[in-house]
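Engineer: Dropping a structure here in structure tokens format, bear with me for questions.
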Amino acid sequence: MEMKLTIKRVPTVLSNYQEEGGGGCGRNCLGDCCLPASKLPLYAFKADPKKPAQDDELPTEFFLNSLLLAQWEDRVARGLFRYDVTACETKVIPGELGFVAQLNEGRHLKKRPTEFRVDRVLQPFDSAKFNFTKVGQEEVLFRFEKGGGDSSYFLENAPSTEGDHAPSVVAINVSPIEYGHVLLIPRVLDRLPQQIDPESFLLALHMAAEAASPYFRLGYNSLGAFATINHLHFQAYYLSVPFPVEKAPTKKIPLAKCALNSGVKVSKLTNFPVRGLVFERGNTLKDLADVVTNACIWLQENNVPFNVLISDSGRRIFVFPQCYAEKQALGEVSQDLLDTQVNPAVWEISGHIVLKRRTDFEEASEASAWRLLAEVSLSEERFEEVKACIFEATGLTESDEEEESSESPYASSSSVPRASSHMSEGCLVLQ
């Protein structure tokens, strides 16, 4: 008899329409009833972000500063968020990696209970449950689409019926973790379940490339790895300090020459509580996207929950197979860790930990962060098994050369940027 593992899930409210029943007609939503007749702002990105800027190119800072963050602040002014995230206390925990802790005592309160199955990474889309077609268009900042040319461009209003596929949109997360917290929802009307596909993952890399800032990252959570909505989406926000995982040392995995055609380099994390793979470079953005997509597809199809961090403007991608939810369902996580109410998804695994209790925030240490995240990681033996399968699925072959260790580009203190505007300078520990 098949055993079903379930835990009581209390998903974070991502949209102001999440707790409503009914459909979207009459609410100017993102469903078939409203979106096709709508005009939304359109940002069309250039086909190749590596090409030199053209004479008619938008300024480098336009996408992140003039568009995304400016529109996000406009929604703040309209009162669309459930709380002021910039008022949340944030500090960098003393230690080698500099874990970032945030106190957000109210984020977990406005939730609705649901039964969430944690032993299936692939689950069919269920239109009866909350999905992003029910979001009101006032929560949408703009459409994000491929322009096809050598320059990116922006239109204040563009018919949503243009193009040969459903529109992809960038919307606010009404329960933000950080400044500029948004959702990238690929082809929203196609009602895709939460699973990686080549086109959508490449779209996410293009968003990171257009932001052109190492402090704007995108993240992805699979089902079973603390995704709370089974409708395909990536999350993203701005935090002007390095994530601990970005500073962690890595070991380059030598590849056979036949596996180097894509130009993608692969490493594994060392001296970090969660085991993971790091993919970077690539001859083109698509080369990098294809390799990582194939890795994620293997994880999905083999029922291995995972999280993905897209870093360094889309040039560096971290993939974390994980098992915390399974351990939680089986009663293998200690009660004191469960009492913290921290669900280690991509941001927590990367080292930005949102704490719900003041005592946990005040007593936070590198040791306590390490202990929590170590429960997320696969064992070394299981990780090596998964890594071998990922290499086979992606067409990568290890060579017989010895693995090379390398430092993160954030290892020196000169690389550490200023604090976010709401983060006390006194809290920063510059490595």
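The values are calculated or read from the model by the stated rules, or taken from the named source; none is laboratory data. The model shown is predicted, which means the values in this text are computed figures rather than measured ones. Quick reminder, even Gly has a Cβ in these numbers, built from the backbone with ideal geometry, and neighbours come from all protein chains shown. SASA here: full protein model, heavy atoms, side chains in, ligands and nucleic acids out. Shrake-Rupley method; radii C 1.70, N 1.55, O 1.52, S 1.80 Å.
Engineer: Checking ALA158 against (1) at pLDDT 90 or above; (2) crowded, with 18+ Cβ neighbours inside 10 Å; (3) farther than 24 Å from GLY351 by Cβ, only one condition comes out false. Which one?
Structural biologist: Of the numbered conditions (1) at pLDDT 90 or above; (2) crowded, with 18+ Cβ neighbours inside 10 Å; (3) farther than 24 Å from GLY351 by Cβ, the odd one out for ALA158 is (1).
Engineer: Among the numbered conditions (1) open to solvent by 30 Å² or more (accessible area, probe 1.4 Å); (2) within 28 Å of ASN302 (Cα to Cα), tell me where ARG358 comes up short.
Structural biologist: (2)
Engineer: From the list SER262, SER267, which residue is part of a loop (DSSP other than H, G, I, E, B), buried (at least 17 other Cβ atoms within 10 Å of the Cβ) and among the small types (Gly, Ala, Ser)?
Structural biologist: Checking each option against the conditions leaves just SER262.
Engineer: Please give the number of the condition THR293 fails out of (1) in contact with a helix residue (DSSP H, G or I) (Cβ under 6 Å, 6 or more places away or on another chain); (2) surrounded by fewer than 18 Cβ atoms within 10 Å (Cβ to Cβ); (3) not acidic (Asp, Glu).
Structural biologist: (2)
Engineer: Here's another thing I want to ask about it. Can you name every residue in region 329-359 that is more than 21 Å from PHE272 (Cβ to Cβ) and not in a loop (DSSP other than H, G, I, E, B)?
Structural biologist: Within region 329-359, ALA329, GLN335, ASP336, LEU338, ASP339, ARG358, THR359 qualify.
Engineer: VAL308 passes all but one of (1) touching a Gly at 6+ places or on another chain (Cβ under 8 Å); (2) of a type in the set (Val, Ile, Thr); (3) under 20 Å from ALA101 (Cβ atoms); which number fails?
Structural biologist: Result: VAL308 fails condition (3) only.
Okay, residues lined up against (1) more than 17 Å from PHE216 (Cβ to Cβ); (2) within 20 Å of the chain's Cα centre (by Cα); (3) open to solvent by 60 Å² or more (accessible area, probe 1.4 Å):
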{"site": "GLN54", "(1), (2), (3)": "yes, no, yes"}
{"site": "LEU58", "(1), (2), (3)": "no, no, no"}
{"site": "PHE62", "(1), (2), (3)": "no, no, no"}
{"site": "ALA77", "(1), (2), (3)": "yes, no, yes"}
{"site": "VAL85", "(1), (2), (3)": "no, yes, no"}
{"site": "VAL92", "(1), (2), (3)": "yes, no, no"}
{"site": "GLU96", "(1), (2), (3)": "yes, no, yes"}
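Engineer: Only one of these conditions is not met by ASP197: (1) touching a strand residue (DSSP E or B) at 6+ places or on another chain (Cβ under 9 Å); (2) of a type outside the set (Lys, Arg); (3) modelled with pLDDT of 95 or more. Which number is it?
Structural biologist: Status for ASP197: all satisfied but (1).
Engineer: Separate question: Looking at SER175, is it over 24 Å from GLY224 (Cα atoms) and in contact with a Lys or Arg (Cβ under 6 Å, 6 or more places away or on another chain)? Give the steps one after another, and end with the answer.
Structural biologist: Values: over 24 Å from GLY224 (Cα atoms): no; in contact with a Lys or Arg (Cβ under 6 Å, 6 or more places away or on another chain): yes.
In short, no.
Engineer: Given the criteria farther than 28 Å from GLY180 by Cα, in contact (Cβ under 8 Å) with a residue 24 or more places away in the chain and open to solvent by 20 Å² or more (accessible area, probe 1.4 Å), does GLN300 qualify?
Structural biologist: It is false that GLN300 is farther than 28 Å from GLY180 by Cα, in contact (Cβ under 8 Å) with a residue 24 or more places away in the chain and open to solvent by 20 Å² or more (accessible area, probe 1.4 Å).
Engineer: Among ARG82, ARG75, which is the only one that is part of a loop (DSSP other than H, G, I, E, B) and either at pLDDT 90 or above or touching a Lys or Arg at 6+ places or on another chain (Cβ under 7 Å) (or both)?
Structural biologist: Exactly one of ARG82, ARG75 is part of a loop (DSSP other than H, G, I, E, B) and either at pLDDT 90 or above or touching a Lys or Arg at 6+ places or on another chain (Cβ under 7 Å) (or both), namely ARG82.
Engineer: Further question: When residues of region 211-241 are filtered for being over 27 Å from SER151 (Cα atoms), open to solvent by 10 Å² or more (accessible area, probe 1.4 Å) and more than 15 Å from the chain's Cα centre (by Cα), how many remain?
Structural biologist: The total comes to 0.
Engineer: Here is a check on your reading of the model: is LYS268 modelled with pLDDT of 95 or more, among the charged types (D, E, K, R) and over 18 Å from the mean Cα position of the chain (by Cα)?
Structural biologist: Yes.
Engineer: Given (1) buried (at least 22 other Cβ atoms within 10 Å of the Cβ); (2) farther than 20 Å from PHE320 by Cα, identify the lone condition not met by ALA208.
Structural biologist: The one condition ALA208 does not meet is (2).
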